[in-house]
1. Hey, rough spin-label estimate for Phe315 and Met181, points 7 angstrom out along Cα→Cβ, what's it come to in nanometres?
2. Label points 7 Å out from Cα along the Cβ direction at Arg299 and Leu61: separation in nm?
3. For the range 93-105, just list the computed ³J(HN,Hα) in residue order, Karplus coefficients 6.51, -1.76 and 1.60, θ = phi - 60°, integers in Hz, with x standing in for Gly and Pro.
4. Around Ser127, what is the net charge, scoring Lys/Arg as +1 and Asp/Glu as -1 over all other residues with Cβ under 14 Å from its Cβ?
5. State, as an integer percentage, the relative contact order of the range 7-121 based on alpha-carbon contacts under 8 Å between residues 6 or more apart.
6. Using the Karplus curve 6.51 cos²θ - 1.76 cosθ + 1.60 with θ = phi - 60°, work out ³J(HN,Hα) for each residue of the range 76-84 in order, rounded to whole Hz, and write x for Gly and Pro.
7. For the chain, what mean projected area does the convex hull of the alpha carbons give, in nm²?
8. Sequence-distant or interchain residues sharing an amide H contact under 5 Å with Phe222, placed H: which?
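Each reported figure results from applying straightforward, stated rules to the coordinates on display, with no laboratory input. This structure is a prediction, so every number in the text was calculated from the model and none was measured. Methodologically, a virtual Cβ is constructed for each residue, glycine included, from the backbone with ideal geometry; neighbour enumeration extends over all protein chains shown.
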Amino acid sequence: MYLLIGVWGSGRRLYAATKFLIYTLTGSAFMLVAIILLYFNSARATFDLFVLADQARMFPLALQTLIFVFLLIAYGVKLPVWPLHTWLPDAHGDAPTAVSVLLAGVLLKMGAYGIFRIVLTMFPELSRAYAPLLATLAVISILYGAIVTIMQPDMKRLVAYSSVSHMGYILLGVAGGVSGMNMLGLNGAALQMFTHGTITGLLFAAVGVIYDRAHTRQIADFGGIAPRMPVLASVFLIAGLASLGLPALSGFVAELLIFLGSFGAYPWAATLGAFGVLLATGYILFMYRRVFFGPLNPRWEHLTDASPVDIVPLFALVAAIVFVGIYPTVLTRMFEVGLLPILARLGG
């Protein structure tokens, strides 16, 4: 990722790549220390996850807490959660389009996966004890990310900051699922991992197509380009509506499960999180109206629509978003297979 951003990026690409590297290596250092502590304090000195999951619960409380916090910091950088998020807008904003899609679709999910696979599995008691903190950080990430997103003049940075907000919903679902001991929150968080990757990846890809033709991403430079790019305008609209949680699209299903799973344990967090959806509606529709509607800026008379090469990945992502939005059980049933053992450990 460092090389992809630093060599093929744009703008302050070296700054963005170096910042990404520093944050990632710092988080990895915390994770490495946690892994070493797990190894040397286990009875059999092993890296076996199944053995460590059983033995970690018998460590002294202070040691458990130290490892737990170090792992949370490591995965919080990857997620990213406030205040460990500041590498993300720069990395997304200055990375090539394909790298931004890869960041949104794969890299960010590593943090959420680590929380599910290692943090919740190895330290179920501490996960329940610190769930209010996770809910608080989730709400801050959701609202802070949404408010900062509204202020962005650059389309790509707007989508990047929206990722901070939407990844906060994953943490909210985890906190609600852990405290409420329910599958809804955990399943919603897992589904949000998939839906965020497809929706935000589609938004980045659409912005990339516009940038390839216009060589600018500034929202104020555009206006009225929908007649010039009808296919791309339609794709962008579907991605935007999915991002703000319109029913029958995958974003709605994931956020609904998260709210249902977290409301019983943290009604205040679920309510504030729902307010984040209203803010998302504002910044998505505001950007869409400014870019695609209104009088056509004479600068863009030459713009052409998405090419067949562009349409194939765009339509593939649209198909996934619509299909999961209509028939979400194709994923939620599969997620339950992996989540049921985690839920059983959380129950003691």
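1. Simple spin-label model gives 5.0 nm for this pair.
2. Here the modelled spin labels are 6.1 nm apart.
3. Per residue, the Karplus-derived 3J(HN,Hα) values read x, 9, 7, x, 4, 4, 6, 4, 5, 5, 4, 5, x Hz.
4. Here the charged neighbours net out to +3.
5. Computed over the range 7-121, the figure is 35 percent.
6. With the stated coefficients, the range 76-84 comes to x, 5, 5, 4, x, 10, 4, x, 9 Hz.
7. 16.7 nm²
8. Answer set, sorted by chain and number: none.
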